[in-house]
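What follows is a single structure, and I will ask about it in a moment.
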Amino acid sequence: MSLVSRDPILLTPGPLTTSLSTKTAMLRDWGSWDASFNAITAEVRKQLLDIANAHENHVCVPMQGSGTFSIEAAVNTLLPRDGHMLVLINGAYGKRMAKLVQMMGRKVSVFETPEDIPTTAADVERLLSGDRSITHVGLIHCETSTGILNPLAEIADIVARHRRSLIIDAMSSFGALAVDAAKVPFDALIAASGKCIEGPPGMGFVLVRKSVLEKAAGNSTSLSLDLYDQWSYMEKTTQWRFTPPTHIVAAFHQALMQFVAEGGQPARLARYQKNYEALMTGMDELGLKSFLDPKIQAPIIVTIHAPDSGNYEFKRFYNQVRDKGFVLYPGKLTQAETFRVGCIGAIGADEMRQAVHAIADALREMGITTKGTREKRLASELAVNTA
Ligand SMILES: *Cc1c(COP(=O)(O)O)cnc(C)c1O
């Protein structure tokens, strides 16, 4: 174990490293009836609509729990009991969405592409033309199991042209990648506090088309995961329907203010892009390759092929890197040994370069020769020979 008692830097898809002011916003207790707490909830809902330019046709409904709770609430509330949802899958989160639709007893069809192949608008066009019974389409914007980006705007266009309803899991992209509700038609977009807005984990939210939500009373088969009831209660009382995650809401509000102060989504994306580039420069120097083609890679989380060495073992590698202050994430692929590195959270390119050093040192300690060490050795041999 490291002797350093600092918090490690989390290079994961969430929970993420948060800023000190976000953490300190959690040091106060709030009553759920307190008008000042309910004003914070109202402000958070407004700030989230701002990010997607969604004030005109959408409302924001926050929900207790991790991100999946909000997906489940959105689907259970918006998909009528006789609805039929098509889920577009290229990773674990797509599979999870299909599973929760099936478990709530609604009809689900899936379209699955390999983990390194985005779903295309042409696929969706063909699928919707071929099956008129499909009422809803579920799409994962950035599929965090690899970091692959699916073409949201193109798919949203097709779904709208076919007059079906689009439900987007934008969990790992919201705040970092632009989504403009005035240009990209959707009925629901779901994300959570502990991802690119850099709040603590514990609440999710759904940006949902108001005219659709208004007609969704009674659809949900779940008491707590009923987006309509959550919304109508909040509209009536300004309060959360059940116990709110008060500290999380307050810290999320603080994180949203920092998001705005930083320059909003374009600035957030620019910082993550620099983190991504610092990471890839470092991986390149070590001779480690990313799994995805850079053209379909979002600068959010990167899947990297493990070094081709008998000495490599993820658990040991993870522990070595963690002891140097950085938390990595295991790969989620069945076909190849990989690990993942998140580019998101309250970190910059300097931290990413330090992480690269930690990775290089860990590999060296494990007796794994990397391209960098080979090159250094060659260079020093050359220097000796010419001396
Ligand atoms: C993080 C994430 C979720 C939600 O996962 P939870 O563990 O429930 O927070 C859903 N979809 C995607 C794409 C994610 O990255």
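Consider A178 against the criteria (1) over 12 Å from T119 (Cβ atoms); (2) within 16 Å of the ligand (Cβ to nearest atom): it satisfies all of them except one. Which criterion is unmet?
Only one criterion in (1) over 12 Å from T119 (Cβ atoms); (2) within 16 Å of the ligand (Cβ to nearest atom) is unmet by A178, namely (2).
Only one residue in E198, E214 is among the acidic types (D, E) and either within 28 Å of C142 (Cα to Cα) or touching a strand residue (DSSP E or B) at 6+ places or on another chain (Cβ under 8 Å) (or both). Which one?
Of the residues listed, the single one that is among the acidic types (D, E) and either within 28 Å of C142 (Cα to Cα) or touching a strand residue (DSSP E or B) at 6+ places or on another chain (Cβ under 8 Å) (or both) is E198.
Shifting gears a bit: Please go through (1) more than 20 Å from the chain's Cα centre (by Cα); (2) without any contact (Cβ under 8 Å) to a residue 40 or more places away in the chain for K99 and return the number of the only condition it doesn't satisfy.
Going through the list (1) more than 20 Å from the chain's Cα centre (by Cα); (2) without any contact (Cβ under 8 Å) to a residue 40 or more places away in the chain, K99 breaks only (1).
One residue is enough: does region 199-208 have a residue meeting the conditions aromatic (F, W, Y), under 16 Å from S165 (Cβ atoms) and at pLDDT 95 or above?
For region 199-208, residues aromatic (F, W, Y), under 16 Å from S165 (Cβ atoms) and at pLDDT 95 or above: absent.
Looking at region 159-166, is at least one residue within 16 Å of the ligand (Cβ to nearest atom), crowded, with 17+ Cβ neighbours inside 10 Å, outside any strand (DSSP E or B) and β-branched (V, I, T)?
No.
If I go through region 187-198 residue by residue, how many of them are in a loop (DSSP other than H, G, I, E, B) and within 12 Å of the ligand (Cβ to nearest atom)?
Looking only at that region, the number is 4.
Considering M63, M85, which residue is under 30 Å from R126 (Cβ atoms), part of a strand (DSSP E or B) and touching a residue at least 12 places away in the same chain (Cβ under 8 Å)?
After ruling out the rest, the residue left standing is M85.
Then there is this: Could you tell me whether any residue of region 135-153 is within 16 Å of the ligand (Cβ to nearest atom), under 20 Å from A298 (Cα atoms) and surrounded by fewer than 16 Cβ atoms within 10 Å (Cβ to Cβ)?
Scanning region 135-153 turns up no residue that is within 16 Å of the ligand (Cβ to nearest atom), under 20 Å from A298 (Cα atoms) and surrounded by fewer than 16 Cβ atoms within 10 Å (Cβ to Cβ).
Continuing with this model, one more query. Any chance region 338-350 includes a residue that's crowded, with 17+ Cβ neighbours inside 10 Å, closer than 19 Å to I148 by Cα and touching a Cys at 6+ places or on another chain (Cβ under 9 Å)?
yes
Would you check if there is a residue in region 322-331 being within 18 Å of the chain's Cα centre (by Cα) and surrounded by fewer than 16 Cβ atoms within 10 Å (Cβ to Cβ)?
Within region 322-331, one or more residues are within 18 Å of the chain's Cα centre (by Cα) and surrounded by fewer than 16 Cβ atoms within 10 Å (Cβ to Cβ).
Return a yes/no flag: does region 110-123 have any residue that is away from the ligand (no atom under 16 Å from the Cβ), out of contact with any helix residue (DSSP H, G or I) (no Cβ under 7 Å at 6 or more places or on another chain), in contact (Cβ under 8 Å) with a residue 12 or more places away in the chain and part of a helix (DSSP H, G or I).
The answer is yes; a qualifying residue exists.
The values are calculated or read from the model by the stated rules, or taken from the named source; none is laboratory data. Predicted model only: the values in this text are computed from it and were never measured. In this analysis, Cβ positions are derived from the backbone assuming ideal geometry, glycine residues included, and neighbour counts consider all displayed protein chains.
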